[in-house]
Each structure stands twice: as C-alpha cells, then as structure tokens.
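K.L.:
One structure follows; several queries about it will come next.
The values are calculated or read from the model by the stated rules, or taken from the named source; none is laboratory data. Keep in mind the model is a prediction, meaning the values are calculated, not measured. Using ideal geometry, Cβ is built from the backbone for each residue, glycine included, and neighbour counts are taken over all protein chains shown. Keep in mind that these areas ignore ligands, DNA and RNA; they rest on the heavy atoms of the full protein, side chains included. Shrake-Rupley method; radii C 1.70, N 1.55, O 1.52, S 1.80 Å.
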Amino acid sequence: MSSGHSALTRLKQAIPRSRASRPVEVAGQTGAPLALYRNYEDAKLGWFWATDAQGLLTYVSPQIAEDLAAEVGDLIGKPFAAIFALDKDPERASQRTLPFLLGTHTSFVELAASIAGSSNGRWWALSGLPQTDDQGEFAGYHGHGRDITATLLNQRDASQLAMYDSLTGLANRHHMAGRLATTLTAYQVAKRSCALMMLDLDRFKHVNDTLGHQAGDELLKQVARRLRRVVDETCEIGRLGGDEFQIVLPDVDDRGALGELGHKIITMLTQPYSIDGSRCVIGASVGIAIAPYDGLDSEELVRNADLALYAAKGAGRGQYRFYSSDLHSVAEERRQLEEDMRDALAKGQMRLAYQPIVALGENRITGFEALLRWEHPERGSISPALFIPIAEDAGLIGALGEWALRQACLEAAAWEGTARVAVNVSPIQFAHIGLPALVSSALANSQLAPERLELEITESVFLGEGADTQAMFDALKRLGVRLALDDFGTGYSSLGYLQKAPFDKIKIDQSFVRSATEPGNRNAAIITAIVSLATALDMETTAEGIEARDTLDLMHSLGVSHGQGFIFSRAIDHDRIVEMLRAGQLELAPDGPSTHRSDRKTLFRKVGLIHEDHRYDVTMRNLSKTGAMVEGLIDIPLGTRFVVDFGEGQLAIAEVRRSNGQRQGLEFDVPLISDGADGLCTRHRVSPYMLAAAGMPLAALPPGNYPLVGLGENRAFSLPRFAQADAPGESRRVA
Ligand code: C2E
Ligand code: MG
Ligand code: MG
C-alpha cells in the first residue's frame with residue numbers, strides 16, 4: 001500500500017468545501033480529524049482525491065481504487081480527468097467537461113460522473129477545490145467523491161415509470177401525448193410531416209373473458225413485441241390503455257408506405273399467439289391521419305386518426321383506413337343506422353334473399369345461401385356487410401340472427417326437392433349457449449329436415465379455442481345439421497381448424513378466389529392444398545364470388561367441388577326460387593366476362609379536370625389503380641394531359657388514351673393506391689404548407705376541390721380550351 005502517512009497529511013487540505021466535508025474543514029487540525037477521515041473512508045461514506053498542478057493524482061482513498069477495480073498505486077500519477085467523465089444528462093452535470101474545469105482551475109461541487117470510456121454502471125458525485133502554494137501559485141486539487149448510483153437508478157426508475165407502460169414497456173398515454181404535441185409544434189415550423197396511427201385489437205375482450213386477465217396481459221406483451229419488430233426505430237409506439245395502441249411516425253406522408261405498414265401490422269398481429277400453452281387469435285384495426293394534411297395540432301390529428309380507426313372497425317375489422325373528411329358523416333350515419341335498426345325487424349324491413357350454390361362441372365344447383373337484406377324506408381337496400389357489424393356492436397345480432405334462421409328454415413321447407421339452405425351465424429351467436437336449442441326449435445317449427453340446413457361459421461369462432469367451442473360443435477352436429485367454414489382465406493386461415501372441427505364444407509373467400517387468376521399469385525397452389533385436405537376429410541369446397549369465366553375454369557380445374565357467384569346468379573327473392581324449383585329448373589349456365597378485371601369499380605362521382613388555368617367538372621364512371629373513365633367534356637384529342645382533382649388535395653396527372661364523344665379514358669402517370677377499405681386514393685396530396693406559401697391560411701386540407709392557388713379561383717387568363725357537355729350528372733357516389 002503506497003497510501004502512507006505523507007498522503008494523510010496532505011489530506012488535511014483535501015476536503016472540498018462541500019456539504020459532506022464541512023465539519024472537518026478547519027486547517028491545521030490533527031488527531032481527531034484524521035481519525036474522522038479514516039472512519040469516513042472506512043465506512044465507505046465517501047472518498048478523497050488530490051492532484052498536483054498537472055492534474056495527476058497524488059492521493060486517492062483505497063475505496064475508490066476498489067470500485068474502479070484498480071490498485072491505489074496504479075492510479076497515483078494518472079491524470080484525474082482521464083479516469084472520470086461527467087454525466088451528459090444536462091439536469092445533473094455541468095455543461096463543461098472535467099478537463100476544462102481542471103484546466104481552468106475552477107472549483108466544482110457534486111457533479112455526477114462515471115468512469116471515462118465505458119461506464120461500469122456506477123456514478124459518483126465529484127467535488128474539487130483548487131489549491132495554491134505559499135507563493136499563491138496553483139498547486140493542484142483536493143477533492144471528494146461520493147457514490148450516488150442507487151439514488152440515480154431510483155430517479156431513473158421513477159421517470160421510467162412516469163413515461164412508460166409497466167406492462168409492455170411501451171410509452172404510456174401521457175408520454176405519447178407530450179411527444180406528439182412537441183413533435184407537431186416543431187414540425188409545423190420546419191414544414192415537416194408526421195403520421196399518426198391508432199390501433200385497436202379486435203376481440204381482445206373475448207380473450208380476456210375466456211382465458212382470464214393474466215392471459216390478456218401476456219397477450220398485450222406479445223403484441224407490443226410484435227409491434228416493435230415491425231415498426232421502424234425512428235417511430236414511437238405507445239399503449240394508451242386497454243388494447244389501444246398509438247404509433248407516431250415522423251416525416252412520413254406517403255400513403256402508399258403507410259398503407260403497406262398498416263397492412264403489415266394487421267397481418268403480423270393476426271398471426272396466432274401461444275399463451276400458457278393455449279393458442280389464441282385476435283384481429284387488429286388501424287386508423288391513420290397525417291399532419292399537416294389531416295390536422296395541424298395533436299388534438300385535431302388524434303381525433304381524426306380515431307375517426308379513421310372507428311371507420312376501419314365499422315368496415316368489418318382487420319382493416320386500415322385513412323382519415324378523410326367524409327368520415328365525420330360516416331360516423332354520424334353509423335349512429336343513425338344503429339338507431340334505425342332497433343325497430344327494423346318489428347317494422348318488417350328485413351327480408352332474406354337467396355344466392356344459388358352450384359356443383360361445378362354439372363352447373364347444378366345444390367342449395368342456396370340466405371343473405372339478409374334491409375329495406376330502409378329512406379335509404380333503400382342496405383348491405384349486410386354494412387349493418388351486420390353494427391348489429392354485432394349494438395347487441396342486436398342475437399334477435400336478427402334468430403329471425404334469419406327461423407325465416408330461412410320456414411322458407412326452405414316450402415321448396416320442392418332437396419336443395420339445402422345455408423344460414424350465416426355470427427361468432428357472437430356461436431358463443432351463446434342457447435344456439436343449439438334455437439336451431440332445434442327452428443327445425444321443429446318449420447319441419448325442415450336437419451340435413452338440409454347448413455350453418456356458415458367464420459374462423460373467428462376459434463378465437464378462444466376453449467372447451468366451449470368444441471362442445472358447441474358437438475351439440476350442433478348432434479342435431480344433424482351441416483356446418484360450413486365461411487370466408488376461408490381472409491383472417492387467420494389455419495388448415496389446422498379443418499382437422500379439429502367437424503365441417504362438412506369449406507367456403508373459400510371471394511378475395512382469395514378472384515386473385516388466384518392474377519399472374520404470379522400463389523393462391524392456386526394454396527387452393528390445391530385446401531382441396532386435397534378437404535377431400536381427405538370428406539368435406540366439400542365452395543369457391544365464393546366467381547364472376548368471370550377464367551376464375552370459374554381455374555376453380556374447376558383445381559378440383560373445387562362447388563361455386564357461388566354472379567357468374568351463376570346474384571341473390572334472388574324467395575318467390576323466384578319457389579318458381580324455379582317448381583319448374584324443375586336446377587341448372588344454371590355460367591354467364592359473365594371472360595376474364596376477371598382487377599379493381600375496376602363502377603362509380604358515379606363528380607371530379608375536376610384541370611387543364612391550363614381552367615377546371616372542368618366531369619363525372620367519373622369507373623376507376624382503377626391505373627386509370628379512369630370520365631364523362632362530360634366533348635372531343636378531347638388523344639394525348640391531352642390533365643390534372644384530375646379527386647378532392648381533398650388529391651391530384652393525379654393523367655393522359656387521355658381513349659376518346660369517344662363525351663367519354664374519355666384516362667391513364668394516370670402514377671397509379672393510385674388502396675385506401676384500405678374498398679376504395680382508391682392518391683399516394684400524396686397537396687401540402688397545406690404549399691397552400692400556405694401561396695397565401696392561404698395554414699390549416700388541414702379542407703373538403704372539396706383543390707383551389708387553383710396563384711391562378712385565382714375565379715380568374716381565368718385564357719379562354720377554356722374544351723367544351724363542357726351538358727348535365728355532368730349527379731355528384732353522389734352510388735356504387
Ligand atoms: P358471405 O357469407 O361471404 O356472403 C357472400 C357475399 O358475397 C354476399 O354478400 C354475396 O352477395 C356476395 N357475393 C356473392 N357472389 C358474388 C360475386 O360474384 N361477386 C361479388 N362481388 N360478391 C358476391 P352480401 O349479401 O352483401 O353479404 C355480406 C356478408 O354479410 C355475408 O358474407 C355474411 O357474412 C353477412 N351476412 C349476410 N346475411 C347474414 C345473416 O343472416 N347473418 C349474419 N350473421 N351474417 C350475414
Ligand atoms: Mg356466408
Ligand atoms: Mg363468405
């Protein structure tokens with residue numbers, strides 16, 4: 001040990017004027033004070049250090065040598081400033097570095113420091129006092145150090161707790177709100193964009209209820225882990241509470257990229273989870289809003305992302321949706337529909353239509369699927385795809401489903417022959433213990449033979465995968481009815497379900513069926529696998545939504561046993577079926593286009609065509625990702641280039657490729673992208689920053705058309721080049 005008595009004498013002066021050392025500060029004391037220093041060192045309350053004028057250590061307490069895993073002898077002669085580095089946290093440390101402080105002979109008190117280079121996980125509070133010799137020359141430092149590791153870690157834990165969700169380790173609601181608000185304020189100044197995703201798990205409550213809260217917690221942790229894997233590190237992910245998550249994506253405004261990410265998140269989260277040995281599956285919905293387009297401040301952006309999420313959930317779940325201003329009216333409309341639905345049954349507004357199911361090859365009808373139709377007094381016929389999810393949320397599906405089941409049995413019992421009737425059963429009905437009794441009562445009332453009734457169930461009934469599911473299958477099979485797995489290929493699609501549950505039929509979903517003919521698509525191979533498994537298990541297969549010849553031929557060649565779709569027939573009225581069956585008409589010749597055209601939708605919507613400094617109103621007749629057919633301008637030369645204004649800042653440059661009187665076929669320079677629901681949108685929009693630069697107030701994009709900024713909305717500099725046809729049509733979308 002080289003820390004002899006010479007060092008101890010120097011120690012008298014070594015105590016800095018810090019709080020810890022003040023009692024023994026008086027110079028010239030010996031005896032009791034020295035013993036005190038020793039006690040102080042031995043009790044590990046703190047340690048002392050001293051340097052010469054060059055900043056080289058002349059004394060350190062043995063204790064710190066131990067902490068640094070060094071010998072005191074090795075430390076003596078080393079530059080003090082090379083051993084320690086001040087903490088970078090601006091709240092605790094000086095803005096200066098240790099070499100700077102020592103070099104300028106500045107005194108310092110209780111600055112947090114750790115080992116220079118890589119920290120060993122310990123922190124000290126360092127104090128130092130410059131010393132002068134008899135001539136008044138700087139002679140080095142005397143100082144003191146104190147271990148503050150425990151205090152610092154406690155502080156960090158506390159701030160961690162305040163900012164993060166203890167279950168998942170993701171940022172909490174409070175932290176996310178702060179982060180979003182500061183980001184948006186700063187980005188507005190810097191004219192940057194920032195996207196916000198709101199995410200909600202579908203049927204999480206079901207897992208919580210059937211598997212317990214602990215399983216629910218475990219599920220949330222796994223969801224957080226998956227989210228971290230799929231989302232870029234520059235983005236912040238938070239859990240707002242329950243099964244609600246939020247993602248802030250700085251500098252993203254490309255809706256193509258956001259849509260892809262939304263899709264990826266949904267796909268990833270709907271993969272099965274293993275929780276305490278049991279398997280469970282959930283869904284996810286995503287709403288997306290982008291600043292500054294959809295909102296400038298966090299309040300506006302969060303509200304609009306929420307609205308998009310609400311729309312995504314309403315549109316059947318497992319979807320993402322971008323905010324657009326018409327969602328305000330969609331939300332209002334949904335509330336209205338829910339209210340109207342409460343007495344729709346009592347007012348006789350519901351009826352069933354039946355779509356034939358045909359044995360492929362022979363084109364022979366083997367049964368009909370009962371599909372609910374709601375004739376709304378003001379709004380006309382409303383699709384079940386729209387009102388069933390609302391009924392499920394509003395607790396109305398029980399009554400509606402019971403009515404559909406009883407009605408379908410009654411009507412089918414009146415059919416001549418043995419054609420079956422298929423009835424859709426919501427997962428909510430399936431989870432209800434009274435379902436077998438209801439089915440048995442509907443059969444008894446109608447006198448329908450049980451084997452003529454087929455219940456269509458979607459994969460989501462396997463969610464909790466408890467003993468209840470199996471018991472329900474058994475009870476239904478005991479009644480002698482048939483079971484079909486509906487919409488296979490949309491959600492969780494596990495072939496494992498087929499082996500476990502006693503299905504008589506698998507219905508392959510229409511989106512899966514139709515995309516099978518697209519070049520490079522692998523669905524055909526998957527359908528082959530489904531068919532061979534189904535055949536081995538003695539099940540039938542039905543391809544849903546066949547519209548075109550090529551799809552029909554492909555399904556037939558893949559060995560799919562049955563088909564359903566517009567190529568054979570749409571859903572028809574009960575009276576018409578009675579007539580057909582009475583006349584013995586059991587064959588349906590396929591009738592449809594030769595090939596399936598992807599994504600082309602029939603529309604009836606007003607858009608603007610901008611050419612030079614004029615905007616023309618035209619009606620859009622159909623729309624695909626790559627082009628549109630418009631009507632309303634007369635005799636436009638081929639090759640004319642327009643900017644198509646879809647409204648809400650969505651502009652697409654297009655060229656006239658076909659022209660026939662009042663109709664023009666346009667091709668877009670840059671293809672449109674999916675809006676997550678059924679529609680299309682542009683990848684980018686006009687930036688509110690750009691509009692502001694042109695003199696408009698900075699605000700989220702208003703609904704309606706793009707103002708001809710700079711040109712003056714009502715000021716034309718030249719004569720219009722093209723003639724507008726009369727009556728451009730209604731402005732409402734009807735398809
Ligand atoms: P789903 O069970 O998959 O029924 C098939 C849907 O595809 C029907 O839509 C049908 O009209 C449509 N479809 C059939 N062939 C084609 C085709 O070639 N092309 C296109 N584009 N579509 C075709 P719909 O009637 O609108 O029903 C939508 C969904 O609503 C049904 O899907 C079913 O899940 C649900 N649903 C209908 N009725 C009931 C019911 O009574 N109870 C319950 N729980 N759900 C029902
Ligand atoms: Mg169905
Ligand atoms: Mg289906």
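K.L.:
How tilted is helix 173-190 with respect to the longest principal axis of the chain? Cα atoms for both, answer in degrees (0 to 90, nearest 10).
P.N.:
90 degrees
K.L.:
Still on this structure, please answer the following. Excluding residues fewer than 8 places away in the same chain, name every one of the lysines whose C-alpha is closer than 20 Å to that of Lys44.
P.N.:
Lys12
K.L.:
Another question, if that's okay. Could you state how much accessible area Leu552 has, in square angstrom rounded to the nearest 10, with a 1.4 Å probe and all protein chains kept in place?
P.N.:
Roughly 10 Å² of Leu552 is accessible to a 1.4 Å probe.
K.L.:
With a 10 Å radius around each residue's Cβ, average the other Cβ atoms per peptide and rank 351-361, 690-700, highest first.
P.N.:
The packing order, highest mean first, is 351-361, 690-700.
K.L.:
Using a 1.4 Å probe and ignoring any ligands, DNA or RNA, find the accessible area of Arg582 and quote it in Å² to the nearest 10.
P.N.:
150 Å²
K.L.:
Using a 1.4 Å probe and counting only protein heavy atoms, arrange Tyr164, Tyr689 so the residue with the most accessible area comes first.
P.N.:
The ordering from most to least exposed comes out as Tyr164, Tyr689.
K.L.:
Which of the aspartates and glutamates could a cross-linker bridge to Lys347, judged by Cα under 17 Å and excluding same-chain residues fewer than eight apart?
P.N.:
Straight-distance partners of Lys347: Glu338, Glu339, Glu375, Glu378, Glu402.
K.L.:
³J(HN,Hα) across segment 668-684 via Karplus (A = 6.51, B = -1.76, C = 1.60, θ = phi - 60°), whole Hz, x for Gly/Pro?
P.N.:
Couplings: 7, 5, 10, x, 6, 10, 6, 8, x, 9, 9, x, 10, 8, 7, 5, 10 Hz.
K.L.:
Can I ask one more? Express in nm, to one decimal, how much length is gained between Leu345 and Ala53 on full extension, taking 0.36 nm for each residue of separation and deducting their alpha carbon distance.
P.N.:
95.6 nm
K.L.:
Leaving out same-chain residues fewer than 8 places away, which aspartates and glutamates sit with a Cα under 17 Å from that of Lys606?
P.N.:
Asp326, Asp617, Glu631, Asp645, Glu648, Asp726, Glu730
K.L.:
Tell me the angle of helix 32-42 to the major Cα principal axis of the chain, expressed in degrees between 0 and 90 and rounded to the nearest ten.
P.N.:
Tilt of helix 32-42: around 30 degrees.
K.L.:
Shifting gears a bit: Using unit Cβ charges (K, R positive; D, E negative) and no other charged atoms, how large, in debye to the nearest 20, is the dipole of the chain about its Cα centre?
P.N.:
580 debye
K.L.:
Keeping all protein chains in place and using 1.4 angstrom, which order do Glu456, Glu587, Glu218 fall into by accessible surface area, from largest down?
P.N.:
Glu587, Glu218, Glu456
K.L.:
Here's another thing I want to ask about it. Beyond 29 Å between alpha-carbons counts as too far, so tell me which of Lys264/Lys477; Lys205/Lys625; Lys205/Lys507; Lys205/Lys264; Lys205/Lys500 fall in that bin.
P.N.:
Lys264/Lys477; Lys205/Lys625, as the Cα separations exceed 29 Å there.
K.L.:
Please give the contour-minus-distance gain from Ala444 to Thr104: 0.36 nm per residue of separation, less the Cα-Cα distance, rounded to one decimal in nm.
P.N.:
112.5 nm
K.L.:
With each run of n ≥ 4 DSSP H residues scored as -39500 (n - 2.57), what mean residue ellipticity at 222 nm is computed for the chain after dividing by its residue count and rounding to the nearest 500 deg cm²/dmol?
P.N.:
Taking each H run of at least 4 residues, the total per residue is -10000 deg cm²/dmol.
K.L.:
Let me ask another. Of Lys505, Lys205, Lys264, which has the most accessible area and how do the rest follow, probe 1.4 Å?
P.N.:
My answer, sorted largest first, is Lys205, Lys264, Lys505.
K.L.:
If you roll a 1.4 angstrom probe over the protein chains with everything in place, what fraction of the accessible area of the chain belongs to carbon and sulfur, to the nearest %?
P.N.:
Carbon plus sulfur share of accessible area: 51 percent.
K.L.:
Then there's this: I need two numbers for the chain: Rg to one decimal and Dmax as a whole number, Cα atoms only, in Å.
P.N.:
Over the chain's Cα set, Rg and Dmax evaluate to 36.7, 125 Å.
K.L.:
Kindly write out, for segment 102-107 in residue order, the coupling ³J(HN,Hα) from the Karplus curve 6.51 cos²θ - 1.76 cosθ + 1.60 (θ = phi - 60°), rounded to whole Hz, with x marking Gly and Pro.
P.N.:
Running phi through 6.51 cos²θ - 1.76 cosθ + 1.60 with θ = phi - 60° gives 5, x, 9, 6, 8, 7 Hz.
K.L.:
Can you list residues from other chains, or at least 5 along the same chain, whose modelled amide H is less than 5 Å from the amide H of Leu680?
P.N.:
Asp675
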